[in-house]
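Notes to accompany the following structure.
The values are calculated or read from the model by the stated rules, or taken from the named source; none is laboratory data. The shown structure was predicted, so the numbers you read here are calculated from the model rather than taken from an experiment. Using ideal geometry, Cβ is built from the backbone for each residue, glycine included, and neighbour counts are taken over all protein chains shown.
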Amino acid sequence: MDEFKVTAGGSEVSNTNVRRITVSIILFLLVSIGGLFYFSGHNFEGHIWATLLFSAFLGVFAFLLVITQNNTIRVAGVMGLLVTVSVGSYVLSEIYIYMVAYLWFGFIYGLALQYGRFCFASAFRDLFAVGVSRMVVGIVIAVVLFGLTVAPVTAIGESTFHSAPWGWHALIGGLIFGFGMVFAGGCASGSLYKIGEGNGTAIIVVLSISVTQAIFADIGGWANSLVPSSWKEKALEKAVEKGTIFTEAVNPADGWMDQYLAGHVWWQPSQTYAQALGLPNDSFSGAFIGNLLVGTILPAAVLLIIVYIFWSRKSYLKNIGKEKGSFGDDLRGYWQMIVSSKRTAVAGLIIGVASGLHMLVMKGLRRTFDMENAGQLLEALNYNFGISAQGTVFDPGYWYVTTQEAQLVGWIGNRLGWENMDNIYFGWANGIPNPVYDTADWMSIALIAGAAVMALLHNEFKWKKPTRELAMWAILGGFFMGIGSRLGLGCNIGAFFVRAANGDISGWIFGLGMMVGAYFGVIFFNWYTERKMAKEMASFDF
């Protein structure tokens, strides 16, 4: 059917254009009003004109995103929004620069992720399903480059990284997460950048991960019967050790996740490879030999050797016309595998360097503002709601994904009457601050924006509505990823990428579990697909 057109004054206006103009005006009003609430805050007096001006700018740039189909103008709209928020925040209070730093590093991560099509789910799916190693190699390169960047930062005592407990929980968490990300068609970071490309399925994945985490962190009642008695005893013992501040905020004998953390995870060793070797982290030997060489480069090299032997060697020898290669042939093939994925390697370089610099910048800003956590920043700005019993909020000081999205769900639920601040995850460790003032949320939003800019520049942005089947897989995959994230204390970024690059023992354990989970996920998915196709073929009457 031809598109209906309205004639007005001799000119024709299509229904599509009318809708675009309407949506653009509504978006302008909503964003401008939102800007007024954000910029005013407690600093409205003395800044009324700045508040009105910056709010209007936000509305105009949001208007440009929808009103035009010109990608260059859309990019200008995205950049305008980010710059306006950054400059306007700084004008109101210089302490906002702490949040702005998260924003721009998130933007860089989004640019690099989209440019390199950097997704852990795609990497392992391609490797296990069709034997293509390009993305896996790029991810490992990024881990090594991050390690190279962060080693000097650690050696001079400027790292914001903190190691996590290691044990079977990291392996199981990684396995469940890896299994789920194959179903979802994207890992945690990959789903975020795909949202920036207009992928509707990725939105469902992120929502599923976030809702699952928020519920799982607070689940009690019937779930308490599934808790081993040893966990409950250890949880109560840990509560006594932590004191009344902890016991007043959390009931350690109620809640599956609380007893899992206080009764099991917190009793496990928390070490880097440097510490395991008896070396201090903040020393040259600890940072470069213990963490970088032993904890990052050697495991990465071994992983790449395994990938080469089982997936890349055969095709390389075939290309050079040999059935059996010499040691020299294998060395050349190994090197070619590493350097062949240039676009992914470039993305890995950017991510690795940016991740290291992110730590250095955040440490410097904490020193500048005499603070250790963004909770102090929020209290200084009189935004006290959602701060944990320790006076903290989630503020990793480096790239992280999933916790801030779970916080957003937790905050919304709390505003709707859900009493969810009496658990370890929200009430003791991370808080549920207003997302408008949540530093980590700024990072995730900017990551999506960065991916959108790169997609627009390469004409790769397109709204993609999910099918019913894709939505089902997205929900199921996000569910497993959410469970795996909480059991393993992080996702493919926080539990693997960051920790492996910083020489944390738990990083490679989670990574191993994630790879095994992805392998079984591919096997299951292939079985399901073949079974479905067989049924469809059987339904045809030849």
So in the range 83-94, with the set limited to residues that are under 16 Å from TYR383 (Cβ atoms) and surrounded by 19 or more Cβ atoms within 10 Å (Cβ to Cβ), which one is modelled with the lowest pLDDT? LEU92
In a helix (DSSP H, G or I) and either more than 27 Å from GLN271 (Cα to Cα) or free of Cβ contacts under 8 Å to residues at least 12 places away in the same chain (or both), is that true of VAL100? yes
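Would a scan of the range 518-537 turn up a residue that is crowded, with 24+ Cβ neighbours inside 10 Å, in the same structural domain as TYR425 (by TED's automatic domain parsing) and touching a helix residue (DSSP H, G or I) at 6+ places or on another chain (Cβ under 9 Å)?
Within the range 518-537, one or more residues are crowded, with 24+ Cβ neighbours inside 10 Å, in the same structural domain as TYR425 (by TED's automatic domain parsing) and touching a helix residue (DSSP H, G or I) at 6+ places or on another chain (Cβ under 9 Å).
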Just a yes or no: is a residue in the range 505-518 among the aliphatic types (A, V, I, L, M) and over 27 Å from the mean Cα position of the chain (by Cα)? no
PHE179 vs. criteria more than 23 Å from VAL302 (Cβ to Cβ) and either at pLDDT 95 or above or under 15 Å from the mean Cα position of the chain (by Cα) (or both): yes
Before we move on, is GLU197 under 22 Å from the mean Cα position of the chain (by Cα) and among the acidic types (Asp, Glu)? yes
Please indicate, with yes or no, whether at least one residue in the range 533-540 is in a helix (DSSP H, G or I) and of a type in the set (Phe, Trp, Tyr). no
Just to be sure before I move on: is GLY484 touching a residue at least 60 places away in the same chain (Cβ under 8 Å), on the phi > 0 side of the Ramachandran plot and not basic (Lys, Arg) in the structure I sent? no
Inside the range 130-169, can you point out the residues that are free of Cβ contacts under 8 Å to residues at least 40 places away in the same chain and crowded, with 22+ Cβ neighbours inside 10 Å? none
Of the residues that sit in the range 447-465 and are buried (at least 16 other Cβ atoms within 10 Å of the Cβ) and within 15 Å of ILE203 (Cα to Cα), which one is modelled with the lowest pLDDT? PHE461
Would the range 358-373 turn up any residue that is polar (S, T, N, Q), in a helix (DSSP H, G or I) and in contact (Cβ under 8 Å) with a residue 40 or more places away in the chain? no
Determine, yes or no, whether LEU303 is surrounded by 16 or more Cβ atoms within 10 Å (Cβ to Cβ) and at pLDDT 90 or above. yes
Here the residues within the range 329-344 that are of a type in the set (A, V, I, L, M) and under 18 Å from ALA142 (Cβ atoms) are MET337, ILE338, VAL339
State whether one or more residues within the range 265-276 are in contact with a His (Cβ under 7 Å, 6 or more places away or on another chain), more than 21 Å from ALA142 (Cα to Cα) and surrounded by 16 or more Cβ atoms within 10 Å (Cβ to Cβ). yes
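Yes/no per residue for (1) assigned to a helix (DSSP H, G or I); (2) assigned by TED's automatic domain parsing to the domain that holds GLY352; (3) surrounded by fewer than 20 Cβ atoms within 10 Å (Cβ to Cβ):
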position	(1), (2), (3)
GLY278	no, yes, yes
ASP282	no, yes, yes
VAL294	yes, yes, yes
LEU298	yes, yes, yes
TYR308	yes, yes, no
Within the bounds of the range 122-129, is there any residue that is more than 14 Å from GLY190 (Cα to Cα), assigned by TED's automatic domain parsing to the domain that holds PHE520 and either crowded, with 22+ Cβ neighbours inside 10 Å or over 24 Å from the mean Cα position of the chain (by Cα) (or both)? yes
Quick one: which of ASP258, ASP329 is touching a Pro at 6+ places or on another chain (Cβ under 9 Å), in a helix (DSSP H, G or I) and of a type in the set (Asp, Glu)? ASP258
Suppose we filter TRP411, TRP428, TRP442 for residues that are in contact with a Leu (Cβ under 7 Å, 6 or more places away or on another chain), surrounded by 19 or more Cβ atoms within 10 Å (Cβ to Cβ) and farther than 23 Å from SER122 by Cα; which single one remains? TRP442
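What residue, of ILE209, ILE245, is under 29 Å from TYR528 (Cβ atoms) and part of a helix (DSSP H, G or I)?
On the way: ILE245 fails: under 29 Å from TYR528 (Cβ atoms).
Exactly one residue qualifies, and that residue is ILE209.
Go over the candidates GLY157, GLY173, GLY186 one by one and state the one that is part of a loop (DSSP other than H, G, I, E, B), over 22 Å from VAL307 (Cα atoms) and assigned by TED's automatic domain parsing to the domain that holds ALA287.
GLY157
Can you confirm whether the range 461-483 contains a residue that is in the same structural domain as ILE195 (by TED's automatic domain parsing), within 24 Å of HIS358 (Cβ to Cβ) and under 18 Å from the mean Cα position of the chain (by Cα)?
yes
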Identify, by number, the condition in (1) without any contact (Cβ under 8 Å) to a residue 24 or more places away in the chain; (2) within 17 Å of TYR109 (Cβ to Cβ); (3) acidic (Asp, Glu) that ASP441 doesn't meet. (1)
VAL211 fails exactly one of (1) surrounded by fewer than 18 Cβ atoms within 10 Å (Cβ to Cβ); (2) of a type outside the set (D, E, K, R); (3) within 28 Å of GLY397 (Cβ to Cβ), namely (1)
